[in-house]
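Working notes for the structure below.
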Amino acid sequence: MGVTPKIAPSMLSSDFANLASEAKRMLDFGADWLHMDIMVKFVSNFASFLDSQEKRNDFQHSNFFCFLGFFLQDGAFLDCHLMVTNPIDYVEPLGKAGASGFTFHVEVSK
């Protein structure tokens, strides 16, 4: 009896204007989880849509939280890959918004 693999496609190449429908499409195609890369300062954030919200320190009004509302209704597991400095600062607000799990880089953690 082995571990059952989980399929977790990245949302990075999704249409950010239609994240909920993109997520639904991936789940409809059989994804077990969804994976969201959040890149702020720690890496070159060529595709992070949280950058402007992070600069304003205002996650509560982010489009990302509207997107997470989809998961609260659907019950899908959302893994957030935090490529950020001080990832602990992101865990509580993202968790409250519906993120299910977190992956982060220990070398930037305090």
Which listed residue is assigned to a loop (DSSP other than H, G, I, E, B), at pLDDT below 60 and within 18 Å of PRO9 (Cβ to Cβ), from PHE71, PHE49, PHE64: PHE49
Considering only residues that are farther than 17 Å from GLY75 by Cβ and touching a residue at least 40 places away in the same chain (Cβ under 8 Å), which ones fall in segment 20-38? ASP37, ILE38
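On the given criteria, is THR4 at pLDDT 60 or above, in a strand (DSSP E or B), surrounded by fewer than 18 Cβ atoms within 10 Å (Cβ to Cβ) and polar (S, T, N, Q)?
Numbers: at pLDDT 60 or above: yes; in a strand (DSSP E or B): no; surrounded by fewer than 18 Cβ atoms within 10 Å (Cβ to Cβ): yes; polar (S, T, N, Q): yes.
So THR4 does not fit the description; no.
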For segment 81-110, the count of residues that are under 18 Å from ALA8 (Cα atoms) and in a loop (DSSP other than H, G, I, E, B) equals 3
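For residues that are charged (D, E, K, R) and modelled with pLDDT under 85, scanning just segment 25-42, find the one that is farthest from the chain's Cα centre (by Cα).
Within segment 25-42, the first condition is being charged (D, E, K, R), and the residues that meet it are 25, 28, 32, 37, 41.
Restricting the remaining residues to those that are modelled with pLDDT under 85 gives 37, 41.
Values: ASP37: 6, LYS41: 16 Å.
Among those residues, the one meeting the criterion is LYS41.
The values are calculated or read from the model by the stated rules, or taken from the named source; none is laboratory data. All figures in this text were calculated on a predicted structure; none of them were measured in a lab. Here Cβ is always computed from backbone atoms with ideal geometry, including for glycine, and neighbour counts include all displayed protein chains.
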